[in-house]
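Below is one structure; the comments refer to it alone.
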Amino acid sequence: MQITESREGHTGVMALSGALDTMSAAALSTQAIAFCGDGASGIRTLLVDLTDVPYVTSAGFRALLVIRKHTELASIGVALCGFNEVVADLFEASAFDSIFAIYPDRAAALVAIAEPGPA
């Protein structure tokens with residue numbers, strides 16, 4: 001799996017490419033925790049873009065829960081986007097779609113989680 005990190009204001013974006021499975025899950029959670037830090041990084045929301053992820057296994061779901069737990073402790077929100085039909089079905093069947101904020105694509109997610117500017 002390839003993981004590309006970027007920032008959009010106070011949103012940290014991690015774009016994933018490849019299967020989110022046993023081989024990649026630990027690396028994802030480790031990299032996400034390092035990327036977000038303890039909240040001092042200025043990241044207020046972590047957006048995980050799964051546009052190029054063909055499927056997610058139970059190990060991938062566990063990695064996402066580890067990331068969610070860490071971000072909650074650091075007062076950082078977490079959102080997911082870019083599900084294909086297979087990934088969307090897996091999230092629905094496992095009820096993970098009720099745990100995470102999910103958006104159809106990165107653009108929609110960034111608009112939805114953007115903080116209002118100064119008045």
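Quick notes on this one:
- Considering segment 75-103, the residues that are surrounded by fewer than 14 Cβ atoms within 10 Å (Cβ to Cβ) and touching a Phe, Trp or Tyr at 6+ places or on another chain (Cβ under 8 Å) include one that is modelled with the lowest pLDDT, namely Ser94.
- For segment 26-59, filtered to residues that are among the charged types (D, E, K, R) and touching a helix residue (DSSP H, G or I) at 6+ places or on another chain (Cβ under 9 Å), the residue that is modelled with the highest pLDDT is Asp49.
- Residues that are without any contact (Cβ under 8 Å) to a residue 60 or more places away in the chain and in a loop (DSSP other than H, G, I, E, B), drawn from segment 27-48: Gly37, Asp38, Gly39, Ala40, Ser41, Gly42, Ile43
- Selection within segment 39-94 - within 11 Å of the chain's Cα centre (by Cα) and among the charged types (D, E, K, R): Asp49, Arg68
- Met23 being touching a strand residue (DSSP E or B) at 6+ places or on another chain (Cβ under 8 Å) and either modelled with pLDDT of 95 or more or over 17 Å from Arg68 (Cβ atoms) (or both): no
- Screening Ala27, Ala32 for residues that are of a type outside the set (Phe, Trp, Tyr), under 16 Å from Thr4 (Cβ atoms) and surrounded by fewer than 14 Cβ atoms within 10 Å (Cβ to Cβ) leaves exactly one candidate, Ala27.
- Residue match in segment 17-26 (condition: part of a loop (DSSP other than H, G, I, E, B) and small (Gly, Ala, Ser)): yes
- Of the residues Ile3, Ile33, Ile76, the single one that is of a type in the set (A, V, I, L, M) and under 18 Å from Asp105 (Cα atoms) is Ile3.
- Only residues that are closer than 16 Å to Gln31 by Cβ, of a type in the set (Gly, Ala, Ser) and touching a strand residue (DSSP E or B) at 6+ places or on another chain (Cβ under 8 Å) were counted across segment 61-91, and they come to 1.
- Residue match in segment 79-102 (condition: closer than 24 Å to Met1 by Cα and touching a residue at least 60 places away in the same chain (Cβ under 8 Å)): no
- Options Thr71, Thr51; residue that is in contact with a Leu (Cβ under 6 Å, 6 or more places away or on another chain) and either of a type in the set (Ser, Thr, Tyr) or in a loop (DSSP other than H, G, I, E, B) (or both): Thr71
The values are calculated or read from the model by the stated rules, or taken from the named source; none is laboratory data. Please read all numbers here as calculations on a predicted model, not as lab measurements. We place every Cβ from the backbone using ideal geometry, glycine too, and count neighbours over all the protein chains shown.
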